[in-house]
Structures are given as C-alpha cells and as structure tokens.
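Report on one structure; see the data block that follows.
The values are calculated or read from the model by the stated rules, or taken from the named source; none is laboratory data. This structure is a prediction, so every number in the text was calculated from the model and none was measured. Note: ideal-geometry Cβ built from the backbone for every residue, glycine included; neighbour counts use all protein chains shown. Note: areas computed on protein heavy atoms with side chains; ligands, DNA, RNA excluded. Shrake-Rupley method; radii C 1.70, N 1.55, O 1.52, S 1.80 Å.
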Amino acid sequence: MELNELQAKANDIRIDIVRSVAEAGSGHPGGSLSSADILTALYFGGVLQHDPQNPTSDARDRFVMAKGHAAPALYATLANAGYFPREELLTLRMWGSRLQGHPDCRLLPGVEVSTGSLGQGLSISAGLACGLRTKGNNARVFALLGDGECEEGQVWEAAMFAAHEKCGNLIAIVDYNHLQIDGDVADVVQVGTLAEKFEAFGWHVHEVDGHSIEALIEQLSACKAEGGSQPHAIIAHTTKGKGVSFMEDQAGWHGKAPNAEETAIALADLGLSQEEIEASLAQKPQVEITDAFKALITPEATGAANGAAAAPAFASEEEKATKKATRAALGETLIELAQEGMSIAAVDADLAGSTTLGKFGAAYPEQFYNAGIAEQNMVDVAAGLALAGNVAFTGSFAVFGTGRTYDQIRNTVAYSNLNVKICPTHAGVSVGPDGGSHQMLEDVALMRELPHMKILVPADYNAAKSAIRLAAQTPGPVYVRMGRSNVPTVYAEGAQLEIGRAYVLREGTDVSIIANGVEIREALLAAEELAQKGISAEVIDAFCVKPLDVETIVTSVKKTGRAVVAEEHSIYGGLCSAVAETLAQHHPVPCTFVAMKDVFGKSGSFEELMEQFSLNSAAIVEAVESQNAS
C-alpha cells in the first residue's frame, strides 16, 4: 500500500472503533484509537507475516494484544484485513458475539491468545518466542503493551527473562499515550523513562512517533530484520483518543462509550459526511451464534469413565517397604516422555532441584527454562511455549505455583484452554518444618473451580508417574498435586491409572472410605484396624478429583450406607466438597470428613503434623467409630 492508502486504512480502523464501541454501549475507545496507526503499520505495512485465509499457518508472525482492553482496535484491524466481515464489528460485546469484551482466541481467527489481565502478554510472548526458536521457526513475535500496563511487576519479570533467554525474535511495542483509567500515568504511579528501563533490562530500545505510519513501518521492519540476541522494545509516542477531538488526551475516554450525539461528532472528526454518518448509524448488528460459541457456554462432559474399573496392581510386600516422594516422578517422567518423542517443555522458578525438573533440564537443556523467582512469569511463559506447539509443564512449590499464579492460570491457561500442565510439588503438610506459610492446603479448591482444568492427586511415586503421563497425553490444562515427603508405595511399578476413574482398593460393606494422595496409605491402615474391630471398610482412591468418578463412589455408598472422606487439604473446596456435592445430588448418606478444619498448618515433621491435625489413620478410624456411635 502507498502511504496515503495506509493512512486511509488507519482512519477506517478508527471509524470502526468508534462505531463498534458506540453500538456496544461500553468498551475502551481511548487506547484503541491511540494504537490504530501501530496496528496499521503491522498488518498493512508489510511488517507482519500473516494470511487471513490461513490464520494458523506455521509461517505467520505472532501478534499478542497484551493490552487486551484495546480489543476494538484489534477487531477492527482484523476485519479490515479480511479475517471476518466488517459488519460483524457492530456485535462487539453482545451476547453470542465472537467479539468479546477482551480477545478470545477460541472464538475469533487471528487472535493468538486470550488476553485482558494486564501484565501477562509480554510473558506469553516471551514463551512463544522461545518455543518458536527451539522448533527452528523463524517467525517473529510482536506484543503491544500499554504504558500504564508497565506498572505491573510481571512486565519486568518478562523483560528480565526475555533478555536472559536472548529472545531476538521478540518485539515489544509500548503504546505510550501517558494516560490510564485514573489519570496521567505520571500522577498515578510514575513509571519513569520506559526507554531507559527496557535498556537497563538488556533490550534494544527504539523510540518512534506512534502516529507516523511511515516511521513505524521503518522501525518495525528494521527490528524484524535485525533479530539478533536481544529483544527489541519500541516506545511509540501516541495520543490517547487520537483522531477524535473531544477524546484526545482525555483519561475519561479510557473506558467509556460515546452517546449518539458524541458518536456523530467523532465520525465527522474522522472525515465522514453527514450522509455517511447517518448511513453508518442506521446499520444494526446481526449476531449469529456460532457452534464454537455454543460449545464454550456448554459445561464439559464430566469425562468420568463408565463402569467399574479394576484397580491397578498393588505393590508387592517388598515394594511396599520402599518410600519415595511423589515429586521424584516429575523430572524422570518428563525425560521418558521426551525420549519417546513427545514435544515437552518445562519451566520452573528457582526450585528445579526441589521439584526435580532440574533433571529434565540437565537432559534436555534446550527445552527447559528457569524463570527465576518469578512464578507468574513462569506460568505465562509456559502458556507461550504451549502456543508454540509444546506440551508445557510448570514446577515450583504448590503455594507459589497455584496461589501466587492463580490469575495467570485462570486468565491465560484455563480461559484459553491451553496445553499447560500445572505440576507443583511440596503440597499439603508434607512440607513439614517450613510451616504454615508454605503448606498449601487450598490448591485443589483453587484449581477445581476452573473450567477445563482436570485434577490428579497421586498416592505414591508410581501413581505420580502415571499422573504425569496422563497430563501430557490429555489436551488442555491439568493439575497434578505432588508432595515433598517420602511416602509408602501403594501401586506396583508401571501402574496405569485413568482420568475420570476412582479405584476400589479394598472391598467392604460397612463404610466407604474415599481418599487420595498421602491419605490412601492412611485409609488402608485404618481399614485394617477397623477389620480387627469387626467393621468392613471399602477403600476408594479418588485419584482423579476432577472429573470425579461419580459412578464408583455412588455405587460404593449405596452398598455401605455411609462415607468418610480423607484428604491432606482444606475441608473446603477439595475432595471433601466434591464427594459431598456428589452424594447430595445422587445418594445422600451420612458423611464425615478427615481434612484440615479451616486452619493453617504449622512447623513440625510430616508425621507429627498428620497426627496433630488429625489426618492419620487413627483419625479415620475415629471418624468411622463416631458414625457408629451416632
């Protein structure tokens, strides 16, 4: 395109931004208008390699809209580029529309990843850049950030990581319009000179007039061609609300839609005649609800297998005497999977020795990344690696790998349904002496409430190996919970478990003991003691918490008439809640819970804590006997 044609295209994009936001009655016009020239330079100036007819081509450059609230600008750009009809822009934010309030990669072609939670886009982009490079793909990754977004600490976690990993294929663009929701960026929190900051973090830094399409194309093309071993940051100086007189340099138009009168003025500012304005305003949205949209609002099938399943083989008496931590399975199993040809990538956060991911890193250094003490960046880097075609695993301790990172897991991994496996270790009280601050007892609850997430809680090392294999083989997010302490062996070597299955480990007629993780060994010990007292206990390993094997559990309690649920987790939100919900719906029976009773943990040995917090076999026996007494 000639320069005048590019300028006209940018103007069309601005017109579409104004009309779509006005029709929606909500949205973010200010930052969308400020970025229109940047997007025009990328998509129409010969910079970004892309093909609307083949939006998933391996050869395409990747664009990540880190400032996801500027979705109207991205949508207008994609529509003008031919990814979907321009008329569809008027459905922005409406029920059934593919044009969600923030970009949704599951609905709209051309959207690489769902964004909206600020600070995450650069981490995703860094992971994507690493993943493409490792696969020998010469595509470039472009990320558009807001200047206010640079107040997010995760941006600088990503900046450090990208420079450390020498991501010369990554180009970050900052839409530097100086305004955010609450006013001038300098008045809210002074971010200082962004150019100097990025330079200090090891980036090649360039500054450009963000409204000069010619200058933008020149600088973007130069960065793309240069590549090298340093990531590039382009500080694009822009004006918020550019092109609309009453919106320019006004923070109030960050997230407000114009009314009918204001819309007409804005369209006139953008060069439309009165006749064209009237014709534009007369257009009305037509929402066509797609099958993809219907699928996203339909709860996933439980995924639980039908029919009773034989339990995997038990460990021999010799094997039972062997104690090994579930975390020991992580690094070893990933090495096996990589040797078998699976494209595995793993990211840890300065705990690779403890999580055992360091073993995988030693064997496959090109596919292992250490994010340092930056767990939020760790998860989103893994998301980028998954977008590049890898099965991505994260490590860290459970308290950091699920608690500190919950927003990243929710908004990037689960919402986009990415192939990321959350596999932290040191869950529950097995952390022992580290104390309550590090004893994560709420992780299953956090993960269980997320759509698409599957949850596996292995009882021993052999079950953990099976869980990690299952996670790798199952599309989408999976959470595998592992502990620190050595635990007795329950299953035989090579045991193969299934997602959606619970396993009857010991048959009984008087009470169903439903447990998982380290509580399986305690449940089996309790069953032996109860047998000596004339009580026949059925022991079930609810290895898969989500989806829960409803059939196996309900069948058992129909036979026994009561249940005790045991887990090394808070009584709220985990297995106890899952079983209670299931029984309340399908077959209500008396149910007692052996779990952490709404308290934090404390320092002590694993064995002491299991006793002091009533999580051991004695507590299970007591729970059963208390039911008898009542």
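Do we find a residue being assigned to a strand (DSSP E or B), without any contact (Cβ under 8 Å) to a residue 40 or more places away in the chain and either buried (at least 24 other Cβ atoms within 10 Å of the Cβ) or of a type in the set (A, V, I, L, M, F, W, C) (or both) anywhere in region 212-234? Among the residues of region 212-234, not one is assigned to a strand (DSSP E or B), without any contact (Cβ under 8 Å) to a residue 40 or more places away in the chain and either buried (at least 24 other Cβ atoms within 10 Å of the Cβ) or of a type in the set (A, V, I, L, M, F, W, C) (or both), which makes the answer no. Condition check: in a helix (DSSP H, G or I), open to solvent by less than 10 Å² (accessible area, probe 1.4 Å) and within 30 Å of E336 (Cβ to Cβ). Does I553 satisfy that? No; evaluated as a whole, the condition is false for this residue.
Name the single residue, out of those in region 362-381 being part of a loop (DSSP other than H, G, I, E, B) and open to solvent by 50 Å² or more (accessible area, probe 1.4 Å), that is farthest from Y406 (Cα to Cα).
Y364
Tell me whether region 131-146 contains one or more residues that are part of a helix (DSSP H, G or I) and buried (at least 24 other Cβ atoms within 10 Å of the Cβ).
yes
Open to solvent by less than 30 Å² (accessible area, probe 1.4 Å) and in a helix (DSSP H, G or I) - does that describe any residue in region 54-68? Scanning region 54-68, I find at least one residue that is open to solvent by less than 30 Å² (accessible area, probe 1.4 Å) and in a helix (DSSP H, G or I), so the answer is yes.
So for region 459-469 (the condition being open to solvent by less than 10 Å² (accessible area, probe 1.4 Å), under 23 Å from F593 (Cα atoms) and within 19 Å of the chain's Cα centre (by Cα)), does at least one residue qualify? For region 459-469, residues open to solvent by less than 10 Å² (accessible area, probe 1.4 Å), under 23 Å from F593 (Cα atoms) and within 19 Å of the chain's Cα centre (by Cα): absent. Would you check if there is a residue in region 167-179 being under 17 Å from F201 (Cα atoms), open to solvent by 20 Å² or more (accessible area, probe 1.4 Å) and not in a loop (DSSP other than H, G, I, E, B)? Taking every residue of region 167-179 in turn, none turns out to be under 17 Å from F201 (Cα atoms), open to solvent by 20 Å² or more (accessible area, probe 1.4 Å) and not in a loop (DSSP other than H, G, I, E, B).
How about region 619-630: which of its residues are of a type in the set (G, A, S) and surrounded by 16 or more Cβ atoms within 10 Å (Cβ to Cβ)? Of everything in region 619-630, those that are of a type in the set (G, A, S) and surrounded by 16 or more Cβ atoms within 10 Å (Cβ to Cβ) turn out to be A619, A623. In region 246-264 there is at least one residue matching the filter, namely being of a type in the set (F, W, Y) and surrounded by fewer than 22 Cβ atoms within 10 Å (Cβ to Cβ). Within region 308-315, is there a residue that is in contact (Cβ under 8 Å) with a residue 40 or more places away in the chain, in contact with a Pro (Cβ under 9 Å, 6 or more places away or on another chain), part of a loop (DSSP other than H, G, I, E, B) and surrounded by 15 or more Cβ atoms within 10 Å (Cβ to Cβ)? Within region 308-315, one or more residues are in contact (Cβ under 8 Å) with a residue 40 or more places away in the chain, in contact with a Pro (Cβ under 9 Å, 6 or more places away or on another chain), part of a loop (DSSP other than H, G, I, E, B) and surrounded by 15 or more Cβ atoms within 10 Å (Cβ to Cβ).
Return the pairs, sorted by first residue and then second, in which the second residue is open to solvent by 50 Å² or more (accessible area, probe 1.4 Å) and outside any loop (DSSP other than H, G, I, E, B), the first residue lies in region 179-196 and is closer than 12 Å to A251 by Cα, the beta carbons are less than 7 Å apart, and the residues are 6+ apart or on different chains. As it stands, the answer is Q180/V188; D182/V188, since those pairs meet every condition given.
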